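See structure below.
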Amino acid sequence: SLNDMTYNVTVQQGYVQGNLNAAGRKTEVEGQGGRRWVATTGPIALDNADSNLLDELRGLHTAANVSAIVVALGANDAGYVAGGSTDAIRQQRLTDTLVAIDVILNEMAGWGTCTALVTGPDNLACYFGIPDPWLYAWAAQQINQHLRNRVTAAPNWLRLRDFAALSANHHTWDADNWFAGDNLHLNDAGKLVYTNEIVQGALACP
């Protein structure tokens, strides 16, 4: 989502890599559409493993000289929660998602690597196949608040870049808009802001 047809000709991993390299940080970008905190469960094991970033996070942990990890996830988890057919199913999905996030962060806490969490957009948005934008907003706000709480509880190794709060007044109904028509995917202006949040998250770590 942060790629640019022109920029990526010279910097293969896009704005994130380019900006961090310019700041003197060697960077590895692991990005793929549809990724979530919580792995998908389905009949194809490889698809399930590829749906979240835990394996990549573990790989970063074992690599030499890693000074920072930035995790920018949550929108697809919110979409999964909001896609439940009843209030009870949505609540159960939310509970399962927050528990799974805790499992990952609890494992990462033992690594001793400074980690920045970037919140996802949590205003009214048209997530794929979900007719009510309020459902996405509710789910995303719950997940984002959970991430904020985790950062507050562990300031020694966690950092927060609150893109949700930063972008709250920059949707399609606002004059300075950072989003495409679904209020979820970013337009060119939003890509630059979101990229900067990822970059600043990395730079916040020593």
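Do we have any residue at all in segment 134-150 that's modelled with pLDDT under 90 and of a type in the set (V, I, T)?
From segment 134-150, those modelled with pLDDT under 90 are none; that's our starting set.
There is no residue in segment 134-150 that is modelled with pLDDT under 90 and of a type in the set (V, I, T).
Scanning segment 152-179 for residues that are under 22 Å from V81 (Cα atoms) and assigned to a helix (DSSP H, G or I) turns up F163, A164, A165.
Of all residues in segment 180-206 being of a type in the set (G, A, S) and in a helix (DSSP H, G or I), which is most open to solvent (accessible area, probe 1.4 Å)? Don't jump to the end; show me each part of the working.
Within segment 180-206, the subset of a type in the set (G, A, S) is 180-181, 189-190, 201-202, 204.
Cutting the leftovers down to in a helix (DSSP H, G or I) gives us 189-190, 201-202.
On the way: A189: 46, G190: 0, G201: 1, A202: 9 Å².
Applying the filter and picking the extreme gives A189.
If you go through segment 83-118, how many residues are outside any helix (DSSP H, G or I) and closer than 27 Å to P133 by Cβ?
Taking segment 83-118 as the starting set, the residues that turn out to be outside any helix (DSSP H, G or I) are 83-86, 110-118.
In the following step, the residues that additionally are closer than 27 Å to P133 by Cβ were identified as 83-86, 117-118.
Selection size over segment 83-118: 6.
The values are calculated or read from the model by the stated rules, or taken from the named source; none is laboratory data. Please read all numbers here as calculations on a predicted model, not as lab measurements. For neighbour counting, all protein chains shown are included, and Cβ atoms are generated from backbone atoms with ideal geometry for every residue, glycine included. Note: areas computed on protein heavy atoms with side chains; ligands, DNA, RNA excluded. Shrake-Rupley method; radii C 1.70, N 1.55, O 1.52, S 1.80 Å.
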